[in-house]
Amino acid sequence: MARTIQSLERAAAVLRLLAGGERRLGLSDIASTLGLAKGTAHGLLRTLQQEGFVEQDPASGRYQLGAELLRLGNSYLDVHELRARALVWTDDLARSSGESVYLGVLHQQGVLIVHHVFRPDDSRQVLEVGAMQPLHSTALGKVLAAYDPVAHSEAMDSEREALTARTITDPEAFEGVLELTRARGWAADVEETWEGVASIAAPVHDRRRMPVGAVAVTGAVERVCADGEIQPRLVAAVRDCARAVSRDLGAGRF
């Protein structure tokens, strides 16, 4: 098991303590509750205060959570806003396409699924919210890598594992796929991640016109493709859905 960093564990414990119970706590309360020496607790609080994670009330000397945590929390809340704005549109996309719909965001060198709409039939399906998908082989990942510089770096710098015989692993070939994605506004994955499965994805932008996620339709190759090609009607439906979510996020018309 990898070793943990004790000072970080203690700092996290301080933040959790301040997040629950009383709004403000004194140094003695924090130290005794966490079983720390006062000097250790004071050093942790001082560092957290310098970083903006903790604030000290000048009058009482007690500590509370700082504004920097709120700023960091907003990046997480943005994901919830993205999901909330996408609910209606992704439901409509699942109904019109007859396939599963996924909403994904960049997370830890992969794609985190933050919303999943089941294929509208009676087949048994597993909810995949919280699942991770590869950046280099999925349609969602290619879209994020094409439009988000951070995702691009993650995809190019990481090992691109050959998940199937169709997975593109060569750096130049992969870069060419990303250029094509930017040129046409959508990406595809035809059996590059899972045998027999194809997907189409398009980017979602926020009010700053920054890429914040991607939406995709995923289904069996024989349904998503016709005569060996991605069905144009599904491409149009996915792009329309992504544009609608982007507009709801304040991106305007794309």
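A few remarks follow.
- Residues of region 89-113 classified as under 19 Å from Val143 (Cα atoms) and hydroxyl-bearing (Ser, Thr, Tyr), total: 3
- Conditions (1) surrounded by 14 or more Cβ atoms within 10 Å (Cβ to Cβ); (2) out of contact with any Lys or Arg (no Cβ under 6 Å at 6 or more places or on another chain); (3) within 12 Å of Leu65 (Cβ to Cβ): number failed by Arg24: (2)
- Taking the criterion of being crowded, with 24+ Cβ neighbours inside 10 Å and in contact with a helix residue (DSSP H, G or I) (Cβ under 7 Å, 6 or more places away or on another chain), the residues of region 239-254 that qualify are Cys241, Val245.
- Residue list for region 214-235, filter: assigned to a helix (DSSP H, G or I) and either over 23 Å from Gln133 (Cβ atoms) or not aliphatic (A, V, I, L, M) (or both): Glu222, Arg223, Pro232, Arg233
- Subset of region 43-70 that is assigned to a helix (DSSP H, G or I) and open to solvent by 30 Å² or more (accessible area, probe 1.4 Å) - its residue that is modelled with the lowest pLDDT: Leu70
- Among the criteria (1) buried (at least 17 other Cβ atoms within 10 Å of the Cβ); (2) not in a loop (DSSP other than H, G, I, E, B), the one Thr40 does not fulfil is (1).
The values are calculated or read from the model by the stated rules, or taken from the named source; none is laboratory data. Because the structure is predicted, anything quoted here is derived from the model rather than measured. With ideal geometry, Cβ positions are generated from the backbone for all residues, glycine too; neighbour counts draw on all protein chains shown. Remember, those area values only see protein heavy atoms, side chains included, never the ligands or the DNA or RNA. Shrake-Rupley method; radii C 1.70, N 1.55, O 1.52, S 1.80 Å.
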